[in-house]
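Have a look at the structure below, then the notes.
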Amino acid sequence: MSTNTLTNEQLKIVIVGHVDHGKSTFVGRLFHDTGSLPEGKLEQLQAIAERRGVPFEWANLMDALQSERDQNITIDTAQIWFQTRKRQYVIIDAPGHKEFLKNMVTGASSAQAALLLIDAHEGVQEQSRRHGYLLSMLGIRQLAVLVNKMDLVGYSEARFNQIETEYRAFLKSVGLEPQGFVPIAAKHGDNIANRGANMPWWQGGTVTQTLDRFEVAHPAENQPLRFPIQDVYRFDERRILAGRIESGTLKVGDRLMFSPGNKSSTVKTIERWSSLSSDVAQAGESIGVTLTEQIFVERGAVAALDNALPFELTHFKARLFWLGRNPLTKGKAYKVKLATQEAECSIETIHRVIDSATLETVSRREKEIFVGRNEVAELTFKIKRPLAFDLHDALPSTGRFVIVDGFEVAGGGIIVDDDYPRRTAGENIKSDNIYWSHGKVTPAHRANRNGHPGGVIWLTGLSGSGKSTIASELERELFNLGKQAFVLDGDNIRHGLCSDLTFSPQDRRENIRRVSELTKLFMEAGFIVITAFISPYRADRDLARKIIPEGRFVETYVNAPIEICEQRDPKGLYAKARAQEIKEFTGVSAPYEPPLKPEIELPTNQLTATECVTRILEYLHLRDAEDSISI
C-alpha cells in the first residue's frame, strides 16, 4: 500500500518486545506495507537471498536498513522512517539491541508512544512484563500490544484472548491502559497495514490504524522554559552559553535565572549556527545566548524564567530501574547525570525494592538491603551539591536521570513527588530590612582583654607548599604567647560549612566567600585567625581582603615550586591528578594565580616551617599601626 499524502505531524514511537518475538520482521514488513522503503531496496535484498540460495526474510530488511543507518548511508538518525496517510513516524530505538533495556532508559524515554510485541506461541514472558513496567516508569502512556506470530497458533482467537486477558491485567497493575491489542502475523503481513484473510474473527483495526489513533503530545514550547547549558564559548569579548532548549520558549530580553546558584541576567542576543536570525527560540532548538551582565555560568547550569523555576535541592525521591553488573548499595558513591548536570550522589534511603517481572516486593534483611540487576527501587538519593530538577510528570526532560557506576551507565529513573519546597523568584531577592547587630562588648574591649586586636593571617599557595604545617605551628606559638589564635583549614571547612561545594571555579569562589565571612566573625571575636586555603584566584583573595577591615588582613604567599610540591605530595593528590582521577586540580588541570604584592612571602623550598613562623611573628611585631595585629 502506498501512502502519498503527507502531513507535518510527526510522532516518535519505540518498539519493544522479548528477544525473538519478531520485532525485526514486524518493522521490515511495516516499512514495506506503508510504502516507506527506499526505492529498489526490497528487490535488491530478494536478489541477494536468491543468489545465496536462502529464503528471503523480512528481518533481513530491517537489519540492512539498520546497518546503513549506522554507517550514515541512505538513512540517518533524524530521517522519517515510515508514514501513514495521517502522519509521519520516527522510531526512536530500532529493535534488536542486546542491551535494549539500557537503551530504553537512556534513549527511548523521549518516545511519545510504544508498540509492544508478544509472541502468540510463547506467550507473556518475564521480559514482556519487564518492558511493560519500564514503559510505565518512563511515563509512556500511549501503548498498543501486538500479539505476533498468530500463524504459529493456527490464528486462534482463544489464544489471542488468553494473552490479552493476562497481559492487560499486568499492565493495569503498573498503571498502564493500552489503547488496544492487535493480532498480527508479521511474516505474512496480516493486520499490519492491511487486513489479512486468516483472521475473519478480528473486527478491530490494523497496526497503522491503531498508531493513527495515538495523539501527538502538546508542543514542549508551551511548557516552562528549561535551557540546560552544554558549554560556554568565548569569542572576542563575548561569552556564548550554548545548549538545547528542552522545553518552553526563550526570547531576547528575557530575564533568566540559572540554577543551581541563583544567578540571573538578561538575554542580549540569540546565536544560531545557521544564517537564520531570530529573537525567539523554542523547544528542540540548539542555540547560544549572550547576556547583558557577564555573570559566571558553566556547563550544567539550567536556565529558567523566574516565574517557573525548577527545584534546587541536595536530595530527591525517585523510582529507579537498575541494570548494573554490581548491586546498588548504600554507602557507595555514584554519579547522577540529569540534563547536562553531573554530581556525586549516594543512597540516603531504600524505601522498597520490587521485582520488575512479578511486581512483588523483594524481602531482604535490613543489613542486606540492596538493589539487584533488573530490579526496580523506590529510594531517596542524597546529592553532594544542589541539583536543579523537576518532577517527571510535569517536565520529563529535567525529571529523568541516569546513574553511573564507575564508567558505566548502570541505571535510570524518574523523579517523583516528595513535597519539595517550591522556589520563587522573590526568595532570591535580599531584604532591605536586615541590619548588622552590634553587641555591647566592642572589638576594643576584646583587644584590651586579649592584649591584641583580632586579625587574619591568610596563607595561600599550592597543595603541598606547606600551608597547613605552617598554620598549625604558628597557632601553637601564638597560643604559647598567650594570644587568642585559631586555624581555619581548607579540608576542615569542606567537611562541614562547604561540604555542598565542588572544585569548579564557581564553587571555589563561593568557598572563599563563605570562609571570608566566617573569618571576619572570628576576627571580630578577637581571634588571630590563620587560614590555610589554596585560594587560587586573585579576585577571590581580593574579595576576602575587602570583607576584612583594612589593616587586619595579612596575605601570606607560601611559595614552593610545583616540582617540590609534587615531590612532597603529602596526601597523594598530585599522583591522582596526573592519573586524571581528580578533575580541576590546582597546578595540574586548574590554574593558580600567585599574589602580586603579598605582605609576606615564604619560599618553603628554602625555609623550614620554624623559620617561616619566625618571619610571620617578626612581621607582626614590626607593625605598629594603631589598627594592626601588633602583638
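The values are calculated or read from the model by the stated rules, or taken from the named source; none is laboratory data. These figures come from a predicted structure and were not determined experimentally. Cβ sites come from the backbone with ideal geometry, for glycine too, and all protein chains shown count toward neighbours.
Before moving on, here are some points about what is shown:
- Subset of segment 550-562 that is at pLDDT below 90 and surrounded by fewer than 17 Cβ atoms within 10 Å (Cβ to Cβ) - its residue that is nearest to the chain's Cα centre (by Cα): Glu550
- Annotation note: of Leu543, Leu478, Leu497, the sole residue that is over 27 Å from Glu584 (Cβ atoms), of a type outside the set (Lys, Arg) and either at pLDDT below 90 or in a helix (DSSP H, G or I) (or both) is Leu478.
- Sole residue being surrounded by fewer than 19 Cβ atoms within 10 Å (Cβ to Cβ) and modelled with pLDDT under 95, chosen from Phe100, Phe170: Phe170
- Condition check for Ala377: of a type in the set (A, V, I, L, M), in a loop (DSSP other than H, G, I, E, B), over 14 Å from the mean Cα position of the chain (by Cα) and under 22 Å from Asp418 (Cα atoms): no
- Scanning segment 511-522 turns up no residue that is of a type in the set (D, E, K, R), surrounded by fewer than 16 Cβ atoms within 10 Å (Cβ to Cβ) and touching a strand residue (DSSP E or B) at 6+ places or on another chain (Cβ under 9 Å).
- Selection within segment 326-355 - among the polar types (S, T, N, Q) and touching a Lys or Arg at 6+ places or on another chain (Cβ under 7 Å): Thr340, Ser346
- Flag if Glu584 is among the charged types (D, E, K, R), in contact with a Lys or Arg (Cβ under 9 Å, 6 or more places away or on another chain) and surrounded by 18 or more Cβ atoms within 10 Å (Cβ to Cβ): no
- Test: residue in segment 227-243 that is within 21 Å of the chain's Cα centre (by Cα), crowded, with 19+ Cβ neighbours inside 10 Å, among the small types (Gly, Ala, Ser) and outside the structural domain of Ser397 (by TED's automatic domain parsing): yes
- Close pairs from segment 324-339: first basic (Lys, Arg), partner part of a loop (DSSP other than H, G, I, E, B), Cβ under 8 Å, at least 6 apart: Arg325/Arg373; Lys330/Ile369; Lys330/Phe370
- Screening segment 339-353 for residues that are within 11 Å of Phe381 (Cα to Cα) and either buried (at least 18 other Cβ atoms within 10 Å of the Cβ) or among the aliphatic types (A, V, I, L, M) (or both) and picking the one that is nearest to the chain's Cα centre (by Cα) gives Cys345.
- Pairing each residue of segment 135-148 that is over 19 Å from Ala318 (Cα atoms) and in contact (Cβ under 8 Å) with a residue 24 or more places away in the chain with any residue that is of a type in the set (Asp, Glu) and outside any strand (DSSP E or B), provided the two are 6+ apart or on different chains, yields C-beta distances under 9 Å for Gln142/Glu215; Leu143/Glu177; Val145/Glu164; Val147/Glu164.
- Put simply, of Cys612, Cys565 the only residue that is within 17 Å of Gly490 (Cβ to Cβ), more than 34 Å from the chain's Cα centre (by Cα) and part of a helix (DSSP H, G or I) is Cys565.
- Residue list for segment 339-364, filter: under 22 Å from Thr502 (Cα atoms) and in a strand (DSSP E or B): Gln341, Glu342, Ala343, Glu344, Cys345, Ser346, Ile347, Glu348
- Val588 being in contact with a helix residue (DSSP H, G or I) (Cβ under 9 Å, 6 or more places away or on another chain) and not in a strand (DSSP E or B): yes
- With respect to the stated conditions, Ile140 fails to be closer than 30 Å to Arg325 by Cβ, modelled with pLDDT of 75 or more, crowded, with 22+ Cβ neighbours inside 10 Å and more than 31 Å from the chain's Cα centre (by Cα).
- The conditions of being crowded, with 16+ Cβ neighbours inside 10 Å and under 27 Å from Glu312 (Cα atoms) are met by Asp507.
- Qualifying residue in segment 317-338 (condition: part of a strand (DSSP E or B) and at pLDDT below 85): no
- Whichever residue in segment 170-207 is among the polar types (S, T, N, Q) and touching a Ser or Thr at 6+ places or on another chain (Cβ under 8 Å) and, among such residues, is nearest to Tyr133 (Cα to Cα): Gln179
- Close pairs (8 angstrom Cβ cut-off, 6 or more residues apart or separate chains): closer than 17 Å to Ala471 by Cα in segment 513-541, assigned to a loop (DSSP other than H, G, I, E, B) and among the hydroxyl-bearing types (Ser, Thr, Tyr) anywhere: Ile534/Ser463; Ile534/Tyr592
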